[in-house]
Amino acid sequence: MACPHVVLPKNSPMKTLKLIKNDPWLAPYKRAIEGRHNRAVEKIAELTNGSGNLSEFADGYLYFGLHKEKRHWVFREWAPNANAIYLIGTFSDWKELPQYKLLAIGGGVWEIKLPLKTLHHLDLYKLSVHWNGGEGERIPAWATRVVQDPETYIFSAQIWDPEKPFTFTKNRFKPKTSPLLIYECHIGMAQQEEKVGTYNEFREKILPRIAVDGYNAIQIMAIQEHPYYGSFGYHVSSFFAPSSRFGTPDDLKALIDEAHQRGIAVIMDIVHSHAVKNEVEGLGRFDGSYDQYFYGDNRREHPAWDSLCFDYGKNAVIHFLLSNCKYWLDEFHFDGFRFDGVTSMLYYNHGLGQAFCSYDDYYNGGQDDNAIVYLTLANELIHQVNPHAITIAEEMSGMPGLASKFKDGGIGFDYRMAMGIPDFWIKTIKEKKDEDWKPTAIFWELTNRRADEKTINYAESHDQALVGDKTIIFRLIDDVMYWHMSKNDTNFVVDRGMALHKMIRLVTLSTINGGYLNFMGNEFGHPEWIDFPRQGNGWSYKYARRQWDLVDRDDLKYQYLGAFDQAMIHLVSQKKKFEQTPIVKLCENDGDQVLAFMRDDLLFVFNFHPCKSFNGYGILAPAGEYSTLMSSDDPEFGGYGLVDKSVPHFTRRDPLFENEHKEWLLLYLPARTAQILRRKKPEEIGTSEPSEKVEKAPGKKTDAKPAAGKKAATKPAARAPRAQKKSGK
């Protein structure tokens with residue numbers, strides 16, 4: 001499908017881009033923003049001969065690599081520095097034979113055509129590449145299946161040509177993105193057993209859990225083949241090959257097909273920010289040169305990741321990476337991508353050691369325009385191939401326009417990861433006493449974002465669970481989890497940790513303007529860290545798995561956390577366009593540590609105070625009747641049931657606020673709890689009248705007119721453990 005709006009006629013006047021119109025602070029950088037936009041427009045025109053059809057340009061995977069045609073096999077590879085290439089494999093006894101020598105056909109492209117009877121399903125193959133001064137075995141750059149020998153650990157490409165190839169039962173799938181609720185996962189470590197899990201096991205055992213929990217998307221890590229399992233999939237060697245550790249390409253297709261049948265979108269964690277340095281398995285010196293795919297100078301190696309950096313200024317590299325995007329969309333029906341390491345791509349210094357304190361930091365000449373153009377083209381291509389596709393940027397610098405539309409002057413991502421939020425929670429838990437948790441700081445961190453860019457909120461992802469770091473629950477409870485997570489065991493540290501775990505997740509979810517993400521197992525407080533098999537741990541899989549039995553056991557408190565996560569996910573997902581509703585702050589009291597805000601008819605109230613419960617706490621809210629939908633203190637979530645959800649709440653008039661159409665809502669707020677209430681529509685309200693009886697907690701009086709955001713009466717913490725717990729561990 002052509003995209004003519006991105007191709008401007010020569011000398012046409014440039015209208016002020018919407019990105020700049022929407023943000024007056026960007027006006028001083030107008031020239032830089034328009035310059036980047038124009039460079040992307042020009043590059044699209046150059047690559048597509050003016051048609052704007054990037055989808056047609058990105059068909060490289062249909063030309064390069066090994067393909068079975070009606071009368072023969074055909075193999076093509078781009079290796080401009082090579083002077084001879086042989087196809088070797090099980091069919092040639094791994095020897096260079098003249099009948100398997102490729103022919104140079106121009107432009108650095110090599111080709112060979114072979115009779116159909118020559119190659120067969122599951123045959124192994126490689127390339128033997130010769131160049132001036134050297135030679136080496138290489139796995140084809142466009143290989144779609146790569147396997148590792150279990151005895152020699154050597155990787156080889158493998159022909160995948162089954163008699164009955166997989167066919168999708170659901171060819172058209174439109175992701176639900178209102179809101180987008182993402183379950184981040186890793187196939188290999190998704191199983192209970194101490195081993196590498198498979199696509200089929202994930203489809204059979206884990207997908208049903210995700211569906212029940214209410215998430216409408218999964219974001220799968222480590223799909224592209226990588227030599228070292230412990231790299232978490234971020235040192236990619238074969239960009240077109242789904243990792244064979246987890247099963248066959250058809251197994252992955254079956255997983256995606258099943259997810260779609262369950263209404264779950266499948267997002268791939270794609271790595272185009274760098275590549276593994278390996279030369280035999282990867283692209284390091286594919287044709288003997290240092291600069292075929294990567295920079296050939298001091299920019300070649302990433303200073304922090306021990307990897308290689310793509311040269312995004314080369315059209316051949318753009319072709320390779322754009323074709324990679326289209327391949328995963330077309331061949332496997334992925335619904336989009338989370339682009340890893342975008343910050344590293346955007347800046348010459350990879351964003352290392354830079355604070356990004358002002359707009360000057362985004363337009364000071366330190367930006368890699370070639371990478372910015374590539375990312376812009378990738379987003380345009382992906383949405384041409386599938387208009388409903390989802391693109392997410394993992395980016396921490398906050399570059400303006402990253403998640404704005406290309407036509408408006410942006411780079412074109414649909415969402416950006418709110419990477420500051422998990423950092424904020426870690427810093428808060430580590431450095432602040434419970435009494436010093438400030439609702440003003442919490443609310444600001446969760447809502448401080450550009451109005452024209454959608455974000456993915458998250459309290460923690462896989463990053464916070466990796467070895468060397470800790471999950472939120474492990475920071476809150478630590479080794480006490482090993483001894484006091486039984487339901488019949490009362491422990492002050494566990495009580496505190498579970499209460500805050502629930503509140504942190506709810507306040508993070510309830511403030512989204514785009515989507516929410518959770519890493520698998522964290523929803524029920526999975527203990528400990530992630531540590532992949534390595535020499536330092538005896539190559540153990542003990543910490544590279546998920547202990548699902550913890551949440552399945554009726555005698556453990558993990559079940560409470562899982563139930564709470566499921567309840568809050570379902571509640572938000574059932575609210576139409578929840579993420580688009582304005583967040584109206586009603587109360588933000590640092591002294592009492594109380595935060596309250598509304599989104600449409602839903603009222604979210606948080607009392608972060610470690611020991612004070614408030615009776616008849618006054619919140620100025622839209623007039624009407626409110627019912628309590630859920631409380632983090634509900635017994636089914638491991639609470640004490642101090643909030644009576646059967647009690648309706650009626651607002652009380654105050655002449656001072658009549659013009660604002662607000663009245664006093666008086667609530668009982670137990671310490672360290674969160675509540676969600678719903679304001680009833682006029683037609684839902686019965687004949688009952690507001691009365692003192694339904695407004696107060698048992699045995700307590702309530703003032704008729706409290707001061708704004710203040711308590712009418714103070715009540716000691718009803719739960720003894722939390723009244724005694726003043727601060728952190």
Check your understanding: For the range 15-117, which helices (runs of 4 or more DSSP H) that fit wholly inside it have 1 or more residues that are more than 30 Å from R138 (Cβ to Cβ) and under 39 Å from the mean Cα position of the chain (by Cα)?
Key -> 18-22, 30-48
Exercise for review: Filter the range 161-189 down to residues that are within 24 Å of L571 (Cα to Cα) and not in a loop (DSSP other than H, G, I, E, B), then give me how many there are.
Suggested key: 6
Review point. Could you count how many residues in the range 424-465 are farther than 21 Å from M221 by Cβ, open to solvent by 10 Å² or more (accessible area, probe 1.4 Å) and either out of contact with any Asp or Glu (no Cβ under 7 Å at 6 or more places or on another chain) or of a type in the set (D, E) (or both)?
Key: 17
**Study point:** Every residue from the range 116-147 that is over 14 Å from A84 (Cα atoms) and open to solvent by 70 Å² or more (accessible area, probe 1.4 Å)
**Key:** K117, H120, L122
Exercise for review: Please state which of the following conditions S358 fails to meet, knowing it meets all the rest: (1) open to solvent by 20 Å² or more (accessible area, probe 1.4 Å); (2) among the hydroxyl-bearing types (S, T, Y); (3) in contact with a helix residue (DSSP H, G or I) (Cβ under 7 Å, 6 or more places away or on another chain).
Suggested key: (3)
**Study point:** Pair list, Cβ < 7 Å and 6+ apart or interchain, from the range 57-72 residues that are closer than 18 Å to P115 by Cβ to residues that are open to solvent by less than 40 Å² (accessible area, probe 1.4 Å)
**Key:** L66/W73; L66/F75; L66/I159; H67/V74; H72/L114
Exercise for review: Inspect all residues belonging to the range 438-454 and state whether any of them is under 24 Å from D555 (Cα atoms) and not in a strand (DSSP E or B).
Suggested key: no
Point to revise | Filter result (in contact with a Lys or Arg (Cβ under 6 Å, 6 or more places away or on another chain) and modelled with pLDDT under 95) within the range 560-616 | key: none
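Tally up the residues in the range 466-504 that are of a type in the set (F, W, Y), touching a residue at least 40 places away in the same chain (Cβ under 8 Å) and open to solvent by 30 Å² or more (accessible area, probe 1.4 Å), please.
If we filter the range 466-504 for residues that are of a type in the set (F, W, Y), which is where we start, we get 474, 482-483, 492.
In the following step, the residues that additionally are touching a residue at least 40 places away in the same chain (Cβ under 8 Å) were identified as 474, 482, 492.
Narrowing further to those that are open to solvent by 30 Å² or more (accessible area, probe 1.4 Å): 482, 492.
Number satisfying all stated conditions: 2.
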Check your understanding: In the range 203-210, is there at least one residue being assigned to a loop (DSSP other than H, G, I, E, B), out of contact with any Lys or Arg (no Cβ under 6 Å at 6 or more places or on another chain) and either within 20 Å of A393 (Cβ to Cβ) or open to solvent by 10 Å² or more (accessible area, probe 1.4 Å) (or both)?
Key -> no
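Answer with yes or no whether T490 is within 26 Å of C587 (Cα to Cα) and β-branched (V, I, T).
On the way: within 26 Å of C587 (Cα to Cα): no; β-branched (V, I, T): yes.
When the stated conditions are applied, T490 does not pass them.
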Exercise for review: Considering only residues that are in a strand (DSSP E or B) and either of a type in the set (F, W, Y) or free of Cβ contacts under 8 Å to residues at least 40 places away in the same chain (or both), look in the range 658-675 and name the one that is least open to solvent (accessible area, probe 1.4 Å).
Suggested key: W664
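Residues checked against (1) of a type in the set (G, A, S); (2) open to solvent by 10 Å² or more (accessible area, probe 1.4 Å):
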site	(1), (2)
V551	no, yes
A567	yes, yes
V572	no, no
V584	no, yes
G591	yes, yes
A596	yes, no
D601	no, yes
Y626	no, no
S631	yes, no
Practice item. Could you grab the pairs with beta carbons closer than 9 Å, sequence gap of 6+ or different chains, first residue in the range 28-54 and free of Cβ contacts under 8 Å to residues at least 24 places away in the same chain and under 22 Å from K18 (Cα atoms), second one surrounded by fewer than 16 Cβ atoms within 10 Å (Cβ to Cβ) and β-branched (V, I, T)? Key: K30/T16
Practice item. Can you tell me which residue among A211, A222, A241, A157 is closer than 23 Å to G263 by Cβ, small (G, A, S) and modelled with pLDDT of 95 or more? Key: A211
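The values are calculated or read from the model by the stated rules, or taken from the named source; none is laboratory data. Keep in mind that this is a model prediction, so the values were computed, not measured. Backbone-built Cβ (ideal geometry, glycine too); neighbour counts: all protein chains shown. Calculation scope for accessible area: heavy atoms of the full protein, side chains included, ligands and nucleic acids excluded. Shrake-Rupley method; radii C 1.70, N 1.55, O 1.52, S 1.80 Å.
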